[in-house]
Every structure is written in structure tokens, then in C-alpha cells.
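Below is one structure; the comments refer to it alone.
The values are calculated or read from the model by the stated rules, or taken from the named source; none is laboratory data. From a predicted model like this one, the values you see are computed outputs, not experimental measurements. Cβ: placed from backbone, ideal geometry, glycine included. Neighbour counts: every protein chain shown.
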Amino acid sequence: MGALDGKVALVAGATRGAGRAIVVSSGQLAPLYGFTDTDGTQPDCWRYVVEVQDRGLAADDTGYR
């Protein structure tokens, strides 16, 4: 799915009530709508913060991109 297709799906979903009344991060939406970062990955920074940073573990983004 191209970037434009993902944006259209996101807007169309919002008009049908999808994603309403809940808070989601871009990391949660990316796989649903096919969004990727400029390098083609789908980073999930908030999961990284909770699982690595908040626990005081050594910085390593393996598995989060």
C-alpha cells in the first residue's frame, strides 16, 4: 500500500468511526495503514520507551524499527 493509499484509508476509517474514542500512537497505526518511515521501517518509539528506556536498559533499537 502506498503512502497515499494509507492516508486515504486512515481518513476513510475515521469517518466510519474506526479509531474513535481511543488514543493510539503512530507506531500502532503504521502497520494497520501501511505507513513507513523514510528508511522503510515502522518504528515504535513508545514501546521502546516502556520496554527499554523506562527499565534503564542499554540503548538498542533492534526490534523496534
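Kindly indicate the residue of region 36-54 that is acidic (Asp, Glu) and under 10 Å from the mean Cα position of the chain (by Cα) and also modelled with the lowest pLDDT among those meeting that condition.
First, pick out the residues of region 36-54 that are acidic (Asp, Glu): 37, 39, 44, 51, 54.
Adding the requirement that they be under 10 Å from the mean Cα position of the chain (by Cα) leaves 37, 44.
Values: 37: 85, 44: 82.
Of everything passing the filter in region 36-54, 44 is modelled with the lowest pLDDT.
Only one of these conditions is not met by residue 31: (1) in a loop (DSSP other than H, G, I, E, B); (2) modelled with pLDDT of 65 or more. Which number is it?
With respect to (1) in a loop (DSSP other than H, G, I, E, B); (2) modelled with pLDDT of 65 or more, residue 31 is out only on (1).
Output the qualifying pairs, or none if there are none: Cβ atoms under 7 angstrom, residues six or more apart or on different chains, first residue in region 25-38 and touching a residue at least 12 places away in the same chain (Cβ under 8 Å) and buried (at least 16 other Cβ atoms within 10 Å of the Cβ), second residue of a type in the set (Phe, Trp, Tyr) and assigned to a helix (DSSP H, G or I).
From residues that are touching a residue at least 12 places away in the same chain (Cβ under 8 Å) and buried (at least 16 other Cβ atoms within 10 Å of the Cβ), the pairs are 27/46.
Among the residues of region 34-56, what is the count of those that are assigned to a loop (DSSP other than H, G, I, E, B) and in contact with an Asp or Glu (Cβ under 8 Å, 6 or more places away or on another chain)? Spell out the reasoning first.
So the first thing to find is which residues in region 34-56 are assigned to a loop (DSSP other than H, G, I, E, B), and the list is 34-44, 54-56.
Of the ones still in play, those that are also in contact with an Asp or Glu (Cβ under 8 Å, 6 or more places away or on another chain) are 34, 43.
Counting residues in region 34-56 that are assigned to a loop (DSSP other than H, G, I, E, B) and in contact with an Asp or Glu (Cβ under 8 Å, 6 or more places away or on another chain) gives 2.
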